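The values are calculated or read from the model by the stated rules, or taken from the named source; none is laboratory data. Computed from a prediction, not measured in an experiment: that's the story for all the values here. Note: ideal-geometry Cβ built from the backbone for every residue, glycine included; neighbour counts use all protein chains shown.
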Amino acid sequence: MRLFMKIAVRTLLAFVLVSATVLSAQDIASFEKRITTKKLANGLTVIIMERPEAPVFSFFTHVDAGSAQEVQGITGLAHMFEHMAFKGTEKIGTKNFAAEKAALAKVEQAYAAYLKENLKEVGRDPKKVAQLEQEWRKAIEAADAYVIPNEFGEIVESQGGVGLNANTDWDETDYYYSFPENRLELWAYLESERFLHPVMREFYKERDVVMEERRMRTDSSPQGRLIEQFLAAAYTAHPYGRPVVGWPSDLRAFSATDAQNFYRKYYVPSNMVVTVVGDVKAEKALPIIERYFGRIPAGPAPEPLRTQEPPQRAQREVVLQDKSQPLYVEGYHRPNAKDPDDAVYDVLADLLSKGRTSRLYRSLVRDKQIAVAAEGGSFPGAKYPSLFYFFAVPAKGKTAEDMAAPIHEEIGKLKTQDVSDEELKSIKTRAKADLIRGLGDNQGLALQLGEYQARYGDWRELFRQIQRIEAVTKADIRRVANKTFTAENRTVGRIETASSSPAPAGAQKGVQP
Amino acid sequence: MNRAALARTSAMLILVWLFSRLPMTARAQTASSAPKAGSATQQAPPSAPTTASSWKQIPIPALRPFKHQQPRRVELPNGLVIFLQENHELPLINGTIRVRGGSRDEPPDKAGLTELYGQAWRTGGTASKTGDQLDDFLESRAAHVETSGRADSTYLAWSSLKEDFDQVFPVVLDLLQHPEFRQDKIDLAKKQMAAGISRRNDEPDDISERESNKLALGADNPLARTPEYYTLSGITRDDLQRWHQRTVAPNNIILGVVGDFDSAAMEQKLRQALGGIPSGTRFPQTKLDFRPAEPGIYLVEKEDVNQSQITMVDLGILRSNPDYYAVEVLNELFGGGFASRLVSNIRTKQGLAYAVGGGVGTAFDHPGVTRISMGTKSDTTLPAIKALHQEIDKLLKGGASAQEVKKAKDDILNSFIFEFDSKEKVLAERMRYEFYGYPPDFLEQFRAGIEKVTPADVDRVARKYLRPEKLAVLVVGNSKDFNGDLNTLGKVRPVDITIPEKKPGM
């Protein structure tokens, strides 16, 4: 305790007191001691955590923009830009950038002309469309002549990088990989350059790649089809109702210019957090990171999202007649992650889903034996008001509809009966242990620190969440269950097994209901 | 973990896991790989206060010298092998007991026995405690004790906070020595497995994986066999108990423990707990018979998809094969890396696929499955198959360039440090080598082997193991939307994946 007091980390005091049996004060203090945070002059936040377990480091670049930042017509663009961030820069991936730049400008002109004619509602001339399409494709061919494919990824891999990947969801876009520790400066160059001088090369080929991704995850997967329809029904106004991968019509229409504009608006330093965890010394690494990432010019913070989901007034339902086994999902609107009740939803998720003592497992799987898996939790996002969902996989011979009553029975108990002291205590113990289990890995740490920093403005929230869970009472659980789980706030999605099912409706033609 | 496995795991957040994030690549990037310590590309003043204008100007200093920590190996007189790996970073102690014998050793008419055993071992409780009582006991301590059954072994693993070790480890011992396999939990596990069978044709990738394994290894090969309703119904509690008696003997067990403990004290505890168990019969491994399907095209009709899963398979090699190193370099440059030929040509240049990749399969104690696969929209199914064949032909005829081979070797060697970057990983590798009888320094040999690979080696193994005339090509797709007749590429054999309710012929 003495060491802790000397360092005087006031913010963590409460956490340390409640969890003294799990994490010693000394451990927490050492955690704080190993983390350096700095906001650069351009607004970019940098977090460095020293963890010299092995001569490697991982990083996590968090961009506070996801598919929720899209508007109709460009759905899928946040994810599309993520793919483009692997295409190289003005110096990587090109044989001659000056010539390539000019060729890419021609591609955009040709594409705009083609798109305009193709989307004409009156007087569309198919011959002209075909001719303009051909001109556009020729322009692409000319631009492709300058490309060195995948040079960015090739450099990362041949220099020893592993786990090179990125993610886009509704809330954010993240980029990450791990390097040997002697490549820190190389990483700082590559990662800053990628967001300083991205080039929209091979954009339209990559759009085809993303279409294939959509076919794989959504169109050709029963679960993918169900979730897309379910979210589209649960949200009428807010972008959480739209697929991250985008609607097919938009994927076929948006342009490299659209992607460039999205990037300019959202990839400003103040909207980004870069976290490095591993065998690095902050005093050495910070100047290098500052030198390279400091080059990204400051920009105005993007405007906040205006649209809010209006209160739901009636239950909604989507039923897919599919040639697959049944599935059941229902969701209820809940507030965002900054809401004072957020921890209550975390407790509810644990109570309902975690392990074989969880209520849904014991009721639906073990005792009634009508499902083989059942769970509840929050989805699809955290930044904006989201859903608390219940998902069940019916046992053989049971229908999706059979899942509703037993789930509602469990919900009824949450509303009318207090949880037991043992259950609540057990949940709180697990929350602390799970936190600890997540602290032993560079990439996982970088992800968590980066996300908490971006979401709450302070990575320490990762630890403070434990305090909030600790404070949840039995009355909170009943109150939140009563407030949230009402019939008019409910959206239901089901797959019912059809004897013969139609092809994924509209997916081929780009028309979606 | 595939989705079928996931659907059977009740404790996971299935929905969130599946749908909340869209990654850049579908394949797990499993780089294997060694720092060319001091392979500085350029010499420049360290941390010169300027920014490089090209990545090539950036100095790469020598990697910090690093000696990874090997676990301590202890062999008890009864034959039980223990590995102790101290890790004091977090207050946790985790362990894994691996027992010889798995689904490859179960009788064909009881396919699914090991998987069922793997579930009921834990859920069925012990002589003195039901599985439900164990659940309550463990969950209140945020501890896990889990069992599972796989192809060549069964597992009993635990994880607990350091302070709870003395309460949690007795549960592990109790399960090891006095499992009860209560009938109600056997019935529950059977229900879950039956649901898994009924759902196995829902997702295209589950179908491709299962059916392509059958083509590559032979439909009757235990490594490709799947449980059926009728094999499941014949498995009894007695079968599970006998399996336990047959397999769980100290001389069939490898135990690894990692975490915040003192090795000497832990060794003492483990000797005391496990040293008294008498040795049993060493589990004899079943001999496998590999009868790959005839080369050609195989079609699984799936009406509700707009993308075809194409998988080309053949029998691969063993890791003890001297060609293993050249094969790893070949795989990296052909279909493993981000900038590999398959990714660059099929995905990046042609936009034909999101997920594409593959290579010659390798495994520790049997030939792996050579697999080249991709997903493409229905109407480019034929061109995609042709494109994959072209890539193979180009490689076989034109060979790999010296630059490609160097790059692939760099990929593997420069990332080699990641084989040792956590103590858990080092422990897991050592346990694997012990289990399969590989030398403890196999990774070091691997590095040396990779360093020696030449372009000629790569060409030689490509010709030896990538044999277009031997490939079985599986298509899972909606053939009415194909642009062209699949028969033009060769004789098409339909694959019936109807799930049999009864034993065929009964």
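Out of all the residues in region B:395-409, is one or more touching a strand residue (DSSP E or B) at 6+ places or on another chain (Cβ under 9 Å) and among the acidic types (D, E)?
Within region B:395-409 (the criterion being touching a strand residue (DSSP E or B) at 6+ places or on another chain (Cβ under 9 Å) and among the acidic types (D, E)), the answer is no, since none of the residues qualifies.
For region A:175-200, which positions are touching a helix residue (DSSP H, G or I) at 6+ places or on another chain (Cβ under 8 Å), at the interface with chain B (Cβ under 7 Å from one of its Cβ atoms) and assigned to a helix (DSSP H, G or I)?
A:E185, A:L186, A:Y189, A:L190
Have a look at B:P61, B:P65 and point out the one that is outside any strand (DSSP E or B), more than 7 Å from chain A (Cβ to nearest Cβ) and not charged (D, E, K, R).
Being outside any strand (DSSP E or B), more than 7 Å from chain A (Cβ to nearest Cβ) and not charged (D, E, K, R) holds for just one of B:P61, B:P65, which is B:P65.
Take the residues of region B:157-174 that are in contact with a Ser or Thr (Cβ under 6 Å, 6 or more places away or on another chain) and not in a strand (DSSP E or B): which is nearest to B:S263 (Cα to Cα)?
B:V168
Identify all residues within region B:201-220 that are more than 19 Å from the chain's Cα centre (by Cα) and under 21 Å from A:A395 (Cα atoms); write none if there are none.
Those that are more than 19 Å from the chain's Cα centre (by Cα) and under 21 Å from A:A395 (Cα atoms): B:N201, B:D202, B:E203, B:P204.
Would you point out the residue of region A:261-277, among those that are outside any helix (DSSP H, G or I) and either among the hydroxyl-bearing types (S, T, Y) or at pLDDT below 95 (or both), that is surrounded by the most Cβ atoms within 10 Å (Cβ to Cβ)?
Within region A:261-277, the match that is surrounded by the most Cβ atoms within 10 Å (Cβ to Cβ) is A:T275.
Only residues that are within 10 Å of B:R141 (Cα to Cα) and of a type in the set (G, A, S): list them for region A:423-440, please.
Once the filter is applied, which keeps residues that are within 10 Å of B:R141 (Cα to Cα) and of a type in the set (G, A, S), region A:423-440 yields A:S426, A:A433.
With the requirement that a residue be without any contact (Cβ under 8 Å) to a residue 40 or more places away in the chain and either in a loop (DSSP other than H, G, I, E, B) or on the phi > 0 side of the Ramachandran plot (or both), what does region A:442-472 give you?
The answer is A:G457, and nothing else.
Of the residues A:V329, A:V318, only one is assigned to a strand (DSSP E or B), touching a helix residue (DSSP H, G or I) at 6+ places or on another chain (Cβ under 7 Å), within 14 Å of chain B (Cβ to nearest Cβ) and buried (at least 17 other Cβ atoms within 10 Å of the Cβ); which?
When all the criteria are applied, what remains is A:V329.
Name the residue that is farthest from B:K190 (Cα to Cα), counting only residues in region B:112-133 that are part of a helix (DSSP H, G or I) and out of contact with any strand residue (DSSP E or B) (no Cβ under 7 Å at 6 or more places or on another chain).
Here the answer is B:Q133.
Taking region B:91-111, which residues are surrounded by fewer than 17 Cβ atoms within 10 Å (Cβ to Cβ) and not in a helix (DSSP H, G or I)?
Of everything in region B:91-111, just one residue is surrounded by fewer than 17 Cβ atoms within 10 Å (Cβ to Cβ) and not in a helix (DSSP H, G or I), namely B:P107.
Scan (1) farther than 30 Å from A:T307 by Cβ; (2) away from chain B (no Cβ under 14 Å); (3) charged (D, E, K, R); (4) in contact (Cβ under 8 Å) with a residue 12 or more places away in the chain for the single condition A:E108 breaks and write down its number.
(1)
Out of B:T154, B:T114, B:T147, report the one residue that is under 21 Å from B:L255 (Cα atoms) and in contact with a Ser or Thr (Cβ under 6 Å, 6 or more places away or on another chain).
Just a single option satisfies the conditions, and that option is B:T114.
It is to be established whether one or more residues within region A:201-211 are assigned to a strand (DSSP E or B), farther than 30 Å from A:P310 by Cβ and touching a His at 6+ places or on another chain (Cβ under 9 Å).
Within region A:201-211, none of the residues are assigned to a strand (DSSP E or B), farther than 30 Å from A:P310 by Cβ and touching a His at 6+ places or on another chain (Cβ under 9 Å).
Quick check on my filter: what residues within region A:421-431 are surrounded by 14 or more Cβ atoms within 10 Å (Cβ to Cβ) and not small (G, A, S)?
Selection gives A:E423, A:L424, A:I427, A:K428, A:T429, A:R430.
Could you list all residues from region B:397-423 that are assigned to a helix (DSSP H, G or I), at the interface with another protein chain (Cβ under 8 Å from one of its Cβ atoms) and of a type in the set (D, E)?
B:D410, B:D411
Scanning for something within 12 Å of chain B (Cβ to nearest Cβ) and polar (S, T, N, Q), does region A:65-78 turn up at least one residue?
Yes, some residue in region A:65-78 is within 12 Å of chain B (Cβ to nearest Cβ) and polar (S, T, N, Q).
Given the condition surrounded by fewer than 21 Cβ atoms within 10 Å (Cβ to Cβ), within 17 Å of B:Q192 (Cβ to Cβ) and within 11 Å of chain B (Cβ to nearest Cβ), answer yes or no: does some residue in region A:347-360 qualify?
yes
Can you confirm whether region B:162-179 contains a residue that is touching a residue at least 12 places away in the same chain (Cβ under 8 Å), within 14 Å of another protein chain (Cβ to nearest Cβ) and of a type in the set (F, W, Y)?
Yes.
Does region A:119-127 include one or more residues that are in a helix (DSSP H, G or I), free of Cβ contacts under 8 Å to residues at least 60 places away in the same chain and surrounded by fewer than 22 Cβ atoms within 10 Å (Cβ to Cβ)?
Within region A:119-127, one or more residues are in a helix (DSSP H, G or I), free of Cβ contacts under 8 Å to residues at least 60 places away in the same chain and surrounded by fewer than 22 Cβ atoms within 10 Å (Cβ to Cβ).
So which residues in region A:49-68 are in a loop (DSSP other than H, G, I, E, B) and closer than 8 Å to A:T173 by Cα?
A:D64, A:A65, A:G66
Conditions tested, residue by residue: (1) exposed (fewer than 14 other Cβ atoms within 10 Å of the Cβ); (2) of a type outside the set (D, E, K, R); (3) at pLDDT below 95.
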position	(1), (2), (3)
A:P394	no, yes, no
A:A404	no, yes, no
A:E410	no, no, no
A:T416	yes, yes, no
A:V419	no, yes, no
A:A433	no, yes, yes
A:I436	no, yes, yes
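Could you say which residue among B:K129, B:K191 is at the interface with chain A (Cβ under 10 Å from one of its Cβ atoms) and surrounded by fewer than 23 Cβ atoms within 10 Å (Cβ to Cβ)?
Of the residues listed, the single one that is at the interface with chain A (Cβ under 10 Å from one of its Cβ atoms) and surrounded by fewer than 23 Cβ atoms within 10 Å (Cβ to Cβ) is B:K191.
Does B:T311 satisfy being among the polar types (S, T, N, Q), under 23 Å from B:D496 (Cβ atoms) and in a strand (DSSP E or B)?
Judged against the criteria, B:T311 is a match.
What is the residue count in region A:207-239 for residues that are more than 30 Å from B:N201 (Cα to Cα) and either in contact with a Phe, Trp or Tyr (Cβ under 8 Å, 6 or more places away or on another chain) or of a type in the set (D, E) (or both)?
2
Determine which member of the set A:V280, A:V199, A:V209 is more than 22 Å from the chain's Cα centre (by Cα) and under 26 Å from A:Y114 (Cβ atoms).
Selected residue: A:V199, the only one of A:V280, A:V199, A:V209 that is more than 22 Å from the chain's Cα centre (by Cα) and under 26 Å from A:Y114 (Cβ atoms).
Looking at B:K386, is it part of a helix (DSSP H, G or I), farther than 25 Å from B:G484 by Cβ and either modelled with pLDDT of 95 or more or at the interface with another protein chain (Cβ under 10 Å from one of its Cβ atoms) (or both)?
So B:K386 fails the test.
Can you say whether B:A293 is part of a loop (DSSP other than H, G, I, E, B) and in contact with a strand residue (DSSP E or B) (Cβ under 6 Å, 6 or more places away or on another chain), as far as the supplied structure shows?
Here the answer is yes, as B:A293 does meet what is asked.
Any residue at all in region B:218-229 that is touching a helix residue (DSSP H, G or I) at 6+ places or on another chain (Cβ under 8 Å), modelled with pLDDT of 95 or more and part of a helix (DSSP H, G or I)?
Taking every residue of region B:218-229 in turn, at least one turns out to be touching a helix residue (DSSP H, G or I) at 6+ places or on another chain (Cβ under 8 Å), modelled with pLDDT of 95 or more and part of a helix (DSSP H, G or I).
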